[in-house]
Amino acid sequence: MFGKLTISAFVHDPITNVAILGTIIIGIVGIILLIRFKKLSWLWKNWLTSLDPKKIGVMYIAIATFMLLRGLADVLLIRTQQALSSGASHGIINADTFQQVFSAHGTMMIFFVAMGFLFGILNLIVPPQIGSRDVAFPFLNSVSFWLFAGGALLVNLSLAVGEFSAAGWLAYPPLSELSYSPGVGVDYWIWSLQIAGVGSLLSGINFLVTIIKLRAPGMTPMKMPIFIWSVLGSMSLVVFAFPILTATLSMLALDRTLGMHFFTAEAGGNAMMYVNLIWAWGHPEVYILILPAFGIFSEIVSVFSGKRLFGYKSMVWALGAITFLSFTVWLHHFFTMGAGADVNSFFGIMTMIIAIPTGVKIFNWLFTMYRGRVRLTTPMLWFLGFVVTFTLGGVAGVLMSVPAIDYQVHNSLFLVAHFHTMIIGGVLFGIFAGFTYWFPKFTGFTLNERIGRWAFWVWLFGFLLAFIPLYILGLMGATRRLDHYDASLGWQGLFIVAGIGATLICIGVALQILQVIVSIVQRKQHLVLDGDPWNGRTLEWSTVSPPPSYTFAVIPIVTDRDDFWVSKHQSIPDQVPRHYRAIAVPKNTSAGIVIAGFATLIGFAVIWQIIWLIPVALLGLIISCIIRLSHDAEEEIISAVDVERQELTARRQRDLV
Amino acid sequence: MSERVNAGLHGESAMQKQAKVLLGFWIYLMTDLVLFASLFATYAVLRSNTFGGPGGGQLFNLPLVLVETILLLTSSFTAGLLTIVLSRGNRRLVMVFLALTFVLGVGFLVIELTEFSHLIQDGNSWQRSGFLSAFFTLVGMHGLHIAVGLLWMLVVGYQVLYRGLTTAVTRRLRLISLFWHFLDIVWIFIFSIVYMIGVL
Amino acid sequence: MKKSTFSERTALGRYITGFIVSLAATLIVYFFVQNRIAGGHQVLSHTFLMISIALLAIIQFVVQAVFFLHIGKEPKPRVKMIAFFFMLLIVVILVGGSIWIMNNLDYTMMTPEQTKTYLQNNEGL
């Protein structure tokens, strides 16, 4: 009746039980609060069924934050285990659990934290920066978000019902095949990523069409903000790389569920082909994450240096080069798999080449700062932290691009330190910079700068303390994913230092949360009345904060790069339209939740082999898609009177400044 | 930045919407081609991994493959003719060509499923070897797309009958015709690489 | 029925051309291959066959892309064409690269028995 799902799926070890209990309690408390303050229907109408990209963006960030906390819990477990488990001691968790912990850690951080924050920021920033009210396909946007949520649900469900994968964040076969991982863990991994992956692919299409078709009149490509160029590059990568992931995950699923032999150790399978394909996706994936971060830094450096970005054209060129080149380096992830010198050296050289455009960008940022009036606000601090850490991780990467050197450090902690430096120093610092930079735009008040600065310094110090020991340990021969090591190796000291660093990072995160809470409490004293707290340069700063649901009462006509800055500094009096027109915005709908819900149900059914449920859920998915696609999207009209009223209020607020 | 333009009531015209949707669908088709490319690459790598079992030369029924290829090619042709009469707004001709495309497509799928069931009955299912796994998945994935296209034609056909050639229905017909052309293009490579090269 | 316009007849012409060329290419390849496996080794070498299959597949692909998908017929900016060519580039890199890599791996990781056979077959040892 329920396939492989039995009572034993709910039985876990003590630590897991605590985590499950904690999550359930928090969930129940949340629901009780919502009911108590009569906010359930508010939540449904204003957030869950909304097609407003600003709302969808915030929801992405909410889930990503939750997954960040879960991922950090895994970090503490890993660091504690490795700090203690030397010689006679075997730490706090057994080897099997340890495998699941680091697999969950990597999977959650890449697919749900990084991608979640990324799409959250894109939803909030891309439309206003190009002078649009929405993305090209608002309903598809909702579907993408709910598919992402469905994938996140499955990952979290695996904690309580069954188990998660113990095969690493990329689940290499033959370990991930049925014979060596007979449990449901790898299936949870496959289906949560498959579902979230489809969401990402659809978003990629959505944002590409948005940038190509929905730019404000007059915004030619070379007048777009650099952030938009970086998103163009990133979404191009999404669109061409994610199908590879979809295909590869499908083949692994077919091996596991239908007895196929793509990557099995027998009957003609080739496990190396999996490694090849998964990295053909995996390498573009890391550029998908970093390019928008580069774009965010371009915006921030320019604004806080009071200067236009140095070398706009070369920045565009660099982004294009990185986008193309990221498809030509993927073998550097498996130099040691056994290819010959010709193959290895080709990919090694391409890897060295791709470092060049990145270097160009860093110099352009520094040249932007040179002779500018630099303001060291929190976003700018995150940028400076990025320059230091990303350069460190970057040169480690160029070191490893030499296959002969990579043979020494592949799969060591040196590698682990490298990619964490890139993703944390690059992607995460970029996200934090963007968050502190754009927060006032969407809330109407600024963040507490002082706590923001503490958070940054604690984070930076904690990060260096957590990862420099790992570089050293890697060079000393420490392999990754070790749950225990010999005392005679003398590694424990460095692991303890790394543990302290990780703890500091957690304090840094706590300070960031504190910053938000304190800022909310103090918001009345830090209101942003004119919507432009930083003296911004791009169009999103031209609206009031928080922006009205329709963002722009009148779609702007763009004449220059950094158009908002240019218009601020021309002494054209603020033009008030003689009359406002009514504005149509997409109506709320629960169809996205329904469609993604059926998709998630299919995933759950396949994972537990609840055979009857598969065609039922599939039928539900097909029917709900047909119904939705057979009717054109419904719109809600914001009357001209309403628009005028909101614009009048905004103008009065601005005049108070 | 000057506020000289006021956005219209519905923000975009039917033409703008169609242009947007067609571009989005086109990009989706490009992603689907990359998906097929991954399956082709895997097939290329696993094509000799027969694990002692039969390979393409022993398994493929070439005359049948030729028939289904011609059926699919012809249905792609009729799908093209569909777009010509669609621009005329001729509802009856649209239904004729849609029905033709559908029937030819069903013929293709029936032959393919027959081929599959023969293979399975003879013990040459996807579980037998890496080669057969790759074969069934590549060709089967194409067949799955065909099936979805056929279902789509049924739904849109129903809409043409009961709603007429509205802007939305016209747009959907253009999309399905695009989809169908693209599926025949993928089949060119399956025909050539899997079947033709496979028997050499 | 309305009289057909010039553009409609051109469109019809394009589809018919595309159809005929594709049909011809399919039949040629088919009969070459049938001929070969029926025993015509003297006339059609393996290499000739591989090249003609590849060539005719590419011809069919280009014909159907131009005549059925109307590649290149959009007004500027030719976004769909750019997307199409970028996709082609990625596909070539992915498929070509994967085949190169996997063949290379097979070569460097042969078992001793396979090495012996390879040397006998390929290097006359």
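Some notes on this structure:
Per-residue answers, yes or no, for (1) touching a residue at least 60 places away in the same chain (Cβ under 8 Å); (2) crowded, with 19+ Cβ neighbours inside 10 Å; (3) within 13 Å of another protein chain (Cβ to nearest Cβ); (4) among the hydrophobic types (A, V, I, L, M, F, W, C):
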site: A:Ile500; (1), (2), (3), (4): no, no, no, yes
site: A:Ile507; (1), (2), (3), (4): no, no, no, yes
site: A:Ser542; (1), (2), (3), (4): no, yes, yes, no
site: A:Ile555; (1), (2), (3), (4): yes, yes, yes, yes
site: A:Asp560; (1), (2), (3), (4): yes, no, yes, no
site: A:Asp563; (1), (2), (3), (4): yes, yes, yes, no
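- Qualifying residue in region A:597-612 (condition: facing chain B (nearest Cβ under 10 Å) and open to solvent by less than 40 Å² (accessible area, probe 1.4 Å)): no
- Condition check for A:Phe262: within 11 Å of another protein chain (Cβ to nearest Cβ) and open to solvent by 10 Å² or more (accessible area, probe 1.4 Å): no
- From the list A:Thr248, A:Thr264, A:Thr220, A:Thr257, the lone residue that is at pLDDT 95 or above, farther than 15 Å from C:Ala83 by Cβ and in contact with an Asp or Glu (Cβ under 6 Å, 6 or more places away or on another chain) is A:Thr264.
- Qualifying helices (runs of 4 or more DSSP H) (wholly inside region A:385-470; at least 1 residues being under 23 Å from the mean Cα position of the chain (by Cα)): A:413-420, A:429-443
- Number of the condition not met by A:Thr336 [criteria: (1) among the hydroxyl-bearing types (Ser, Thr, Tyr); (2) out of contact with any His (no Cβ under 8 Å at 6 or more places or on another chain); (3) open to solvent by 20 Å² or more (accessible area, probe 1.4 Å)]: (2)
- Which numbered condition A:Gly282 misses (of (1) closer than 30 Å to A:Leu376 by Cβ; (2) within 14 Å of chain B (Cβ to nearest Cβ)): (1)
- Subset of region A:212-227 [in a helix (DSSP H, G or I), more than 9 Å from chain B (Cβ to nearest Cβ) and surrounded by fewer than 22 Cβ atoms within 10 Å (Cβ to Cβ)]: A:Pro221, A:Met222, A:Lys223
- Every listed requirement among (1) surrounded by fewer than 18 Cβ atoms within 10 Å (Cβ to Cβ); (2) among the β-branched types (Val, Ile, Thr); (3) modelled with pLDDT of 95 or more is met by B:Thr78 save one, (1).
- Condition met for B:Leu161 (of a type outside the set (Asp, Glu), facing another protein chain (nearest Cβ under 9 Å) and either buried (at least 20 other Cβ atoms within 10 Å of the Cβ) or over 22 Å from C:Ser22 (Cα atoms) (or both)): no
- Taken over region A:313-340, residues that are within 18 Å of A:Gly397 (Cβ to Cβ), part of a loop (DSSP other than H, G, I, E, B) and of a type outside the set (A, V, I, L, M, F, W, C) amount to 2.
- For A:Ile626, the requirement of being open to solvent by 20 Å² or more (accessible area, probe 1.4 Å), in a helix (DSSP H, G or I) and within 12 Å of chain B (Cβ to nearest Cβ) is met.
- Filter result for the condition that a residue is open to solvent by 40 Å² or more (accessible area, probe 1.4 Å) and out of contact with any His (no Cβ under 8 Å at 6 or more places or on another chain), over A:Leu325, A:Leu366: A:Leu366
- Residue in region A:558-581 that is over 30 Å from A:Ala196 (Cα atoms) and among the small types (Gly, Ala, Ser) present: yes
- Given (1) open to solvent by less than 30 Å² (accessible area, probe 1.4 Å); (2) more than 10 Å from chain B (Cβ to nearest Cβ); (3) farther than 30 Å from A:Phe334 by Cβ, index of the condition C:Asn104 fails: (3)
- Matching residues in region A:128-144 - criterion: being within 19 Å of A:Thr220 (Cα to Cα) and either more than 12 Å from chain B (Cβ to nearest Cβ) or touching a strand residue (DSSP E or B) at 6+ places or on another chain (Cβ under 6 Å) (or both): A:Pro128, A:Gln129, A:Ile130
- Complete set of residues in region C:1-58 that are assigned to a loop (DSSP other than H, G, I, E, B), within 27 Å of B:Arg91 (Cβ to Cβ) and either at pLDDT 90 or above or among the β-branched types (Val, Ile, Thr) (or both): C:Thr5
- Unmet criterion (only one of (1) open to solvent by less than 40 Å² (accessible area, probe 1.4 Å); (2) modelled with pLDDT under 90) for C:Pro77: (1)
- Annotation: of all residues in region A:471-483 being part of a loop (DSSP other than H, G, I, E, B) and open to solvent by less than 50 Å² (accessible area, probe 1.4 Å), the one that is nearest to A:Val416 (Cα to Cα) is A:Arg480.
- Which listed residue is more than 9 Å from chain B (Cβ to nearest Cβ), closer than 23 Å to B:Thr69 by Cβ and among the hydroxyl-bearing types (Ser, Thr, Tyr), from C:Ser22, C:Ser52: C:Ser52
- Total residues in region A:523-550, condition farther than 17 Å from A:Arg453 by Cα and outside any helix (DSSP H, G or I): 19
- Residue check, B:Gly130 crowded, with 22+ Cβ neighbours inside 10 Å, closer than 21 Å to B:Val194 by Cα, out of contact with any Ser or Thr (no Cβ under 7 Å at 6 or more places or on another chain) and among the small types (Gly, Ala, Ser): yes
- Selection count, region B:19-31, where residues are open to solvent by 10 Å² or more (accessible area, probe 1.4 Å), within 15 Å of the chain's Cα centre (by Cα) and within 7 Å of chain A (Cβ to nearest Cβ): 1
- In region A:315-330, the residues that are away from every other protein chain (no Cβ under 14 Å) form Cβ pairs under 7 Å with partners that are part of a loop (DSSP other than H, G, I, E, B), at six or more places apart or across chains, as follows: A:Met315/A:Leu309.
- Failed criterion for C:Asn35 (all others in (1) surrounded by 14 or more Cβ atoms within 10 Å (Cβ to Cβ); (2) free of Cβ contacts under 8 Å to residues at least 40 places away in the same chain; (3) within 7 Å of chain B (Cβ to nearest Cβ) hold): (3)
The values are calculated or read from the model by the stated rules, or taken from the named source; none is laboratory data. All of these numbers come straight from a predicted model, not from anything done at the bench. Positions of Cβ are backbone-derived with ideal geometry, glycine not excepted, and every protein chain shown enters the neighbour counts. The accessibility values were calculated without ligands, DNA or RNA, using every heavy atom of the protein model including side chains. Shrake-Rupley method; radii C 1.70, N 1.55, O 1.52, S 1.80 Å.
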